[in-house]
Amino acid sequence: MDINLVTSNLGKVEELTHILEPFGHKASQLQVDCPEIQASTLEEVVDFGLDWLSAKKIQTPFIIDDAGIFIEVLQNFPGVYSRYVYDTIGLQGVLKQMEGLEDKSTKFKCVLGLMLEDGSKHKFVGECKGNLISEIRGTGGFGYDPIFIPDGYERTFSELSPEEKNSISHRGRAMEKLVNFLSSMEN
């Protein structure tokens with residue numbers, strides 16, 4: 001299946017393409033200026049995006065996603081504001097906020113939205129728990145990857161190979177659900 005990936009984030013395009021291709025799905029980036037609403041959940045952002053893109057007659061099938069990092073000690077902040085925080089204070093600013101705090105429990109969450117040709121909408125959620133660290137490590141990945149170590153690992157997302165990261169990441173887990181759904185449609 002040919003699927004449009006509606007995003008301007010090249011890191012997301014690489015991750016999603018890397019996951020979809022082995023299953024015979026061709027992914028193409030589609031850049032659309034989609035407004036980002038202020039909402040309290042990732043699911044609300046994705047629902048709005050699916051409806052807005054559908055009204056704009058974007059070629060289906062397409063995938064959109066929203067993801068965030070949720071730091072427990074900060075009452076799950078930045079969450080839906082992860083991109084804004086990253087763009088304004090960056091990783092160094094996040095690390096500064098964490099100084100002196102013992103609990104660094106964090107989770108990444110991703111919500112993928114799929115719009116099919118028949119107009120049906122589907123959402124797939126993935127999470128990955130772990131901890132923030134006090135320094136930036138690694139050169140791979142994007143966003144918060146250099147300061148996040150997933151549970152059971154000693155390396156950051158940025159230090160893992162794309163295959164390792166995709167097998168355990170929030171986006172990888174959401175994509176696994178999406179791929180299983182697409183496979184069930186083909187049978």
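Computed from the coordinates by the stated procedures, all read-outs in this text should not be read as laboratory data. What you see is a predicted model; the values in this text were computed from it and never measured. All Cβ positions, even for glycine, are placed from backbone atoms using ideal geometry, and neighbour counts span all protein chains on display.
Brief remarks on what is shown
- Based on Cα contacts under 8 Å between residues 6+ apart, segment 63-119 shows a relative contact order of 51 percent.
- Relative contact order (percent, whole number), the chain, Cα cutoff 8 Å, 6+ residue spacing: 18 percent
- Every pair of different Cα atoms in segment 15-95 enters the Kirkwood calculation, which places the hydrodynamic radius at 14.7 Å.
- Where trypsin sites (Lys or Arg not before Pro) fall in DSSP loop in segment 1-61, at most 16 other Cβ within 10 Å: 56, 57
- 5 angstrom amide H check on residue 30, placed H, neighbours 5+ away: 5, 6, 7
- Computed helical MRE - 222 nm, the chain, DSSP H runs ≥ 4 contributing -39500 (n - 2.57), nearest 500: -10500 deg cm²/dmol
- Peptides 92-102, 58-68, 152-162, ordered by how many other C-beta atoms sit within 10 Å of their residues on average, highest first, read 58-68, 152-162, 92-102.
- Structure note, pairs 56/109; 121/165; 104/177; 12/123; 12/165: Cα-Cα distances above 20 angstrom occur for 56/109; 121/165; 104/177.
- Its Cα centre serving as origin, the chain has a Cβ charge dipole (Lys and Arg +1, Asp and Glu -1) of approximately 100 debye.
- Multiplying each eigenvalue of the alpha-carbon gyration tensor of the chain by 5 and taking the square root yields semi-axes of 29, 18, 14 Å, largest first, rounded to whole angstroms.
- Summary value for segment 1-46: 41 percent relative contact order, contacts being C-alpha pairs under 8 angstrom separated by 6+ residues.
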